[in-house]
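Remarks on the structure that follows.
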Amino acid sequence: MTGSEPTASRALRPPPGYRLAASVRPLTFSSYDPCARIVDGTLWWATRTPTGSATLALRAVAGDLVAEGYGPGADWVVERADAVAGLRDDLTGFAALAATHPVVARLAAQHAGLRMPATGLVFPRVLRAVLEQKVTGKEAYRAYAATVRHFAEPAPGPARLLLPPEPATVAAAPYWVYHPFGVEQRRADTLRRAAAVADRLERCADSAEASRRLTAIAGVGPWTAAEVVRVAYGDPDAVSVGDYHIPNTVAWALAGEPRGDDARLLELLEPFRGHRGRVCRLLEAAGVQAPRYGPRAPIRSFARY
């Protein structure tokens, strides 16, 4: 790990009412994420950049947003800090769309300071999204954290974070490496296939191209692609079709229906095309949940199988 002093810094001017923690929350996987954490209002985000490893610190100071970078990739993360913070998020046309539905209009007003981040990096999000496929949140986090810690490489800077694993290392590791982390062969093989083409994924020009390349990988479907491009590219229209909860949440919030399927999800979101993912993000930020009628999904372990 390099020294505790940043090697690059930059001051940004956020819009009035901007909320840093709420905007960058999608970059963290729980408050114990080994690669990214929000501590005392500061985002610490470790990653691999085209110019080397880096840690970005983002904090609000006297109305500004101060970005500080550590490590060989410090200049890269600081130059992109406004996108990571969501300050490049384009809300053009959303106000008019939101006004067409009272719930969306209310949430858009209540969460006006919420922006959608765009990291510009695909594979770190692929790692998390693949491990989240068809399992509970606790199972997904356990697998993600264990994978990161297995390939542990300290990130630059004072935050004591770890870097996301190198794609080539992930691709080269056999299935049995992931098995003790609770990752069955299907997800492990999907992750390894995605890691093997990570260079091509990182070169995609936009979220549409990235979605096409992602869904061409066996084991990666629309849900995983949407989870990736919504954060890597800040795509405000990316909808996670195939999610266990989102159809019910949207049906309940927008139509008062306690249950919905993917077809109903897309039907209800169609009036907000261009910002459908943003509507889902607002519902998540507001803590909207459909009524629960059954027990929670059990947490399984594949490590003993």
Relative contact order, percent, of the chain when contacts are C-alpha pairs under 8 Å separated by at least 6 residues? 18
With a 10 Å radius around each residue's Cβ, average the other Cβ atoms per peptide and rank 96-109, 244-257, highest first. 244-257, 96-109
Computed over the Cα atoms of the range 166-305, what is the ratio Rg over Rh, Rh following Kirkwood? 1.02
Simple spin-label estimate for residue 40 and residue 91 in nanometres, 7 Å along Cα-Cβ: 3.0
Mind listing which trypsin sites (Lys or Arg not before Pro) in the range 1-93 are in a DSSP loop and have 15 or fewer other Cβ atoms within 10 Å? 88
Which semi-axis lengths, in whole Å and largest first, follow from the square roots of five times the eigenvalues of the Cα gyration tensor of the range 245-286? 14, 12, 8
So if the hydrodynamic radius of the range 8-89 is defined as the Kirkwood radius over C-alpha pairs, what does Stokes-Einstein give as its diffusion coefficient at 20 °C and 1.002 mPa s, in µm² per second? 171
Residues of the range 213-236 with backbone N under 19 Å of the label point set 7 Å from the Cα of residue 206 along Cα→Cβ are 213-216, 225-236
The local net charge around residue 122, scoring Lys/Arg +1 and Asp/Glu -1 for residues other than residue 122 whose Cβ lies under 15 Å from its Cβ, equals +3
Cα pairs beyond 17 Å in the range 48-133, in percent, come to 62
Per the 1/(1 + (r/R0)^6) rule, R0 = 45 Å and r from the Cβ atoms of residue 106 and residue 5, FRET efficiency to 0.05 is 0.50
Could you list the square roots of 5 times each eigenvalue of the Cα gyration tensor of the chain, that is, the equivalent ellipsoid semi-axes, sorted largest first and rounded to whole Å? 29, 26, 17
Calculate, for the chain, the solvent-accessible area per residue in square angstrom, rolling a 1.4 angstrom probe over the heavy atoms of the protein chains. 46
Residue 138 to residue 218: extension gain in nm, 0.36 nm per residue of separation minus the Cα-Cα distance? 26.3 nm
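The values are calculated or read from the model by the stated rules, or taken from the named source; none is laboratory data. All figures in this text were calculated on a predicted structure; none of them were measured in a lab. Cβ coordinates were reconstructed from backbone atoms using ideal geometry, including for glycine residues, and neighbour counts include every protein chain displayed. Remember, those area values only see protein heavy atoms, side chains included, never the ligands or the DNA or RNA. Shrake-Rupley method; radii C 1.70, N 1.55, O 1.52, S 1.80 Å.
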